[in-house]
């Protein structure tokens, strides 16, 4: 059994609630529990046995994961002295101390001066070298919501690699495709297990399938449009995802076995994209099918336009609402991101 670690996550801030929920969903997808210590603006600290390196390869809306040592509202130097940071750091290694202000919190703090003070305090106990370029240990101090949060960075999320998968850079492109960090968040919100079967019943050119496959799940994509299916195939093959299944099929009439997770971003209302159905009719006829193919205890993440109340549509189904997030897509469109659990 792994020990329960105190982990701090520096979140991306791209949405007020999704990054925090993505972290929790990813931990649950790895079959671990967690206990929240503190939720601050763009900073989440919790206890869990989950492996930070594995989590870093899952997350899309996070910058790094660190070992949490202390939080303080006043003098972080005093809190540092009573923390176990100096006991945790290996000897004969180089360090760097970096202070990052979230938004405009604690404007009176001089970042560089605070970094120097913390480095000097550590050097009182150990003979480290200061290396600001390639340190062996990077100590981060986050300034947020009137608090100092200190952590030793353990794993970074490769945001540049995620950006390299942005829709315009893929073999097949469609204007409605989600950005990869949001697609990845939906996969995590669905608690998609590695090596589990993942379904997107409105897969388009496969943006969400792509992220699920890169996490280690087995993607199954369904779409009514043969051109979209072919585009999804091109994108999955280009990404080196070897095991997947694609079907030109109507999501209202799925003939598949049970799946471990579902995440999807359905069309938003052009009748050509909804098979000639009104949006509410599309969801009313599709949600029962999705409930039937989802394994008991597993999760569905879906993002309809704001005007559709999916809790009302699913009230008689074996789908229990878990969470809901609101997101503005553009000037004329906002959507809800729902997560349901199959009872």
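Results, tabulated for the structure shown:
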{"item": "Some residue of the stretch 173-188 being part of a helix (DSSP H, G or I) and at pLDDT below 95", "result": "no"}
{"item": "Any hit, the stretch 161-170, residues being surrounded by 14 or more Cβ atoms within 10 Å (Cβ to Cβ), part of a loop (DSSP other than H, G, I, E, B), in contact (Cβ under 8 Å) with a residue 40 or more places away in the chain and in contact with a helix residue (DSSP H, G or I) (Cβ under 8 Å, 6 or more places away or on another chain)", "result": "yes"}
{"item": "Residue tally, condition surrounded by fewer than 18 Cβ atoms within 10 Å (Cβ to Cβ), closer than 18 Å to residue 94 by Cβ and over 25 Å from the mean Cα position of the chain (by Cα), over the stretch 123-160", "result": "12"}
{"item": "Residue check, residue 192 under 30 Å from residue 69 (Cβ atoms) and in a loop (DSSP other than H, G, I, E, B)", "result": "no"}
{"item": "The lone exception for residue 341 - which of (1) surrounded by fewer than 17 Cβ atoms within 10 Å (Cβ to Cβ); (2) in a strand (DSSP E or B); (3) modelled with pLDDT of 95 or more it fails", "result": "(1)"}
{"item": "Residue match in the stretch 316-332 (condition: touching a strand residue (DSSP E or B) at 6+ places or on another chain (Cβ under 8 Å), farther than 21 Å from residue 22 by Cα and either at pLDDT below 95 or outside the structural domain of residue 199 (by TED's automatic domain parsing) (or both))", "result": "no"}
{"item": "Residue within the stretch 29-38 that is crowded, with 23+ Cβ neighbours inside 10 Å and either part of a loop (DSSP other than H, G, I, E, B) or at pLDDT below 95 (or both) present", "result": "no"}
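Yes or no, residue by residue, for (1) within 29 Å of the chain's Cα centre (by Cα); (2) modelled with pLDDT under 95:
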position	(1), (2)
57	yes, no
60	yes, no
64	yes, no
69	yes, yes
73	yes, yes
76	no, yes
85	yes, yes
92	no, yes
101	yes, no
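The values are calculated or read from the model by the stated rules, or taken from the named source; none is laboratory data. The structure presented is a predicted model; accordingly, all values stated were derived computationally and were not measured. A quick note on method: Cβ atoms are made from the backbone with ideal geometry, for glycine too, and the neighbour counts reach across all protein chains shown.
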